[in-house]
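Q: Sharing a structure here in structure tokens format.
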Amino acid sequence: MDLRTAIRLRRSVRRYVAQPVPQDLLDRLAAVAQEADHLVRPGVRVERVDGRERVAGVLARYAGVYGLVQGAPHLLVGLIPEDVPENRIDLGYVLEQVVLEATRLGLATCWMTGSYHPDRAARAIPLRPGEQVAAVVALGYARVDPLARLHDTVVRRVVAAHRRLSLTEIVFGGRWGVAWSPEEADPALVEVLECARLAPSARNRQPWRFVVEGGAIHLALTILAPIDAGIVMAHVALSARELGRVGRWRLRWADEALARRLGFPLGVVAVGTFRGLRMSEPASGPR
Ligand SMILES: Cc1cc2nc3c(=O)[nH]c(=O)nc-3n(C[C@H](O)[C@H](O)[C@H](O)COP(=O)(O)O)c2cc1C
């Protein structure tokens, strides 16, 4: 399965069967986490909690609209060395690479920043000095019986999980607020943005906006959701690479000069710029 198919197939699964994931697949995911591309110098890392009992001990019994994420035999634990937005962005970027590989392997996942106890997650794994847990991801095989499906349907309806803003609502041409049309754009760029649009975000808030300028994609956030930003950046980089356009993100967190130049409204934060979508364009370096 290619990554763009995995992006289209992935969805959050909150009910799991008891069957553990075979060791070779766990090893494969550990290798992806270990070798993952980073946006900042390595520091962010992923640990794993194994066993339904141990995982249940970390997950919250009550988690607002979401209800309990139940029965997962494994939990990926995302760790940041220091609580700054850049590390949270990098965690989203790295862990989503693992999530998409898991999807390719036929596994089910659910990102969580609310439905777990960070202190219990921290106690379940060996932490390095200064490290903290910033997110976890349930991992296993999806339960497909009617009760599990009912719970899934209710949660997904409450958070409108299936819904995504259209490309024309989240992409601007050259400057914030200027309409952008997929009809006249490079099909590879449209596909990359489509893969970005399908990214998961906490409560499905879809806080990302893109300004397309030549072969560059500038990313902005309408709310402070750095993990969501990292996830969408992974979707852009991975889908571009699969299309043969090896580009790179340059992280520009809260870059006011960029925000001003592109006309971002007050409260909208610049996150970074992706270059390299044009076949002839150099993959990195400011223009
Ligand atoms: C950073 C992040 C945090 C999330 N936190 C939770 C959570 O605490 N509990 C939960 O059940 N789902 C959580 N989700 C799942 C989102 O609700 C889900 O991704 C979104 O509704 C879109 O649905 P989909 O993943 O099925 O496409 C989270 C997703 C992300 C990306």
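The values are calculated or read from the model by the stated rules, or taken from the named source; none is laboratory data. This is a predicted model, so every value here is computed, not measured. We place every Cβ from the backbone using ideal geometry, glycine too, and count neighbours over all the protein chains shown. Just the protein is used for accessible areas: all its heavy atoms, side chains included, with ligands, DNA and RNA removed. Shrake-Rupley method; radii C 1.70, N 1.55, O 1.52, S 1.80 Å.
Q: Give region 176-195 a look and list any residue that's exposed (fewer than 15 other Cβ atoms within 10 Å of the Cβ) and either basic (Lys, Arg) or free of Cβ contacts under 8 Å to residues at least 40 places away in the same chain (or both), or say none.
A: Of everything in region 176-195, those that are exposed (fewer than 15 other Cβ atoms within 10 Å of the Cβ) and either basic (Lys, Arg) or free of Cβ contacts under 8 Å to residues at least 40 places away in the same chain (or both) turn out to be Val178, Ala179, Ser181, Glu183, Glu184, Pro187.
Q: Looking only at region 209-222, filter to residues that are surrounded by fewer than 18 Cβ atoms within 10 Å (Cβ to Cβ) and not small (Gly, Ala, Ser); which one of those is farthest from Glu169 (Cα to Cα)?
A: Going through the qualifying residues, I end up with Glu213.
Q: Also, I was wondering about something else. Which residue, of Gln206, Gln132, is of a type in the set (S, T, N, Q), open to solvent by less than 20 Å² (accessible area, probe 1.4 Å) and within 16 Å of the ligand (Cβ to nearest atom)?
A: It is Gln206.
Q: If a residue has to be closer than 19 Å to Arg54 by Cβ and touching a Gly at 6+ places or on another chain (Cβ under 6 Å) to count, how many in region 121-144 make the cut?
A: Residues meeting the conditions: 1.
Q: May I ask you to verify whether Pro22 is without any contact (Cβ under 8 Å) to a residue 40 or more places away in the chain and within 30 Å of Ala254 (Cα to Cα)? Outline the logic, then answer.
A: Numbers: without any contact (Cβ under 8 Å) to a residue 40 or more places away in the chain: yes; within 30 Å of Ala254 (Cα to Cα): no.
The answer is no for Pro22.
Q: Same structure, new question: Can you tell which of Trp176, Trp180, Trp111 is closer than 21 Å to Asp83 by Cβ and either modelled with pLDDT of 95 or more or within 15 Å of the ligand (Cβ to nearest atom) (or both)?
A: Trp111
Q: Name every residue in region 223-256 that is open to solvent by 60 Å² or more (accessible area, probe 1.4 Å), out of contact with any Pro (no Cβ under 6 Å at 6 or more places or on another chain) and more than 19 Å from Ala36 (Cα to Cα), in order of residue number.
A: Matches in region 223-256: Leu224, Glu256.
Q: Could you say which residue among Leu147, Leu139 is over 24 Å from Ile80 (Cβ atoms) and either assigned to a loop (DSSP other than H, G, I, E, B) or among the aliphatic types (A, V, I, L, M) (or both)?
A: Leu147
Q: Assess whether Ala31 counts as being over 30 Å from Ala254 (Cβ atoms), more than 13 Å from the chain's Cα centre (by Cα) and within 14 Å of the ligand (Cβ to nearest atom).
A: no
Q: Determine if region 71-92 includes at least one residue that is more than 14 Å from the chain's Cα centre (by Cα) and at pLDDT below 95.
A: Looking through region 71-92, at least one residue is more than 14 Å from the chain's Cα centre (by Cα) and at pLDDT below 95.
Q: Filter region 133-162 for residues that are more than 20 Å from Val99 (Cα to Cα) and not hydrophobic (A, V, I, L, M, F, W, C) and give the result.
A: Asp145, Pro146, Arg149, His151, Thr153, Arg157, listed by residue number.
Q: Among the residues of region 35-42, are any under 22 Å from Val144 (Cβ atoms) and either modelled with pLDDT of 95 or more or in contact with a Gly (Cβ under 8 Å, 6 or more places away or on another chain) (or both)?
A: Taking region 35-42 as the starting set, the residues that turn out to be under 22 Å from Val144 (Cβ atoms) are none.
Within region 35-42, none of the residues are under 22 Å from Val144 (Cβ atoms) and either modelled with pLDDT of 95 or more or in contact with a Gly (Cβ under 8 Å, 6 or more places away or on another chain) (or both).
Q: Any residue at all in region 10-17 that's over 20 Å from the mean Cα position of the chain (by Cα), away from the ligand (no atom under 15 Å from the Cβ), at pLDDT 95 or above and of a type in the set (Val, Ile, Thr)?
A: Yes: region 10-17 contains one or more residues that are over 20 Å from the mean Cα position of the chain (by Cα), away from the ligand (no atom under 15 Å from the Cβ), at pLDDT 95 or above and of a type in the set (Val, Ile, Thr).
Q: Just a yes or no: is a residue in region 156-169 over 16 Å from the mean Cα position of the chain (by Cα) and crowded, with 19+ Cβ neighbours inside 10 Å?
A: No, every residue in region 156-169 fails to be over 16 Å from the mean Cα position of the chain (by Cα) and crowded, with 19+ Cβ neighbours inside 10 Å.
Q: What number goes with the only condition from (1) touching a Leu at 6+ places or on another chain (Cβ under 7 Å); (2) open to solvent by 10 Å² or more (accessible area, probe 1.4 Å); (3) within 14 Å of the ligand (Cβ to nearest atom) that Ala138 does not pass?
A: (2) is the only condition that Ala138 fails.
Q: Could you list all residues from region 196-231 that are in contact (Cβ under 8 Å) with a residue 40 or more places away in the chain and in a helix (DSSP H, G or I)?
A: The answer is Ala196, Ala202, Arg203, Asn204, Pro226, Ile227, Asp228, Ala229, Gly230, Ile231.
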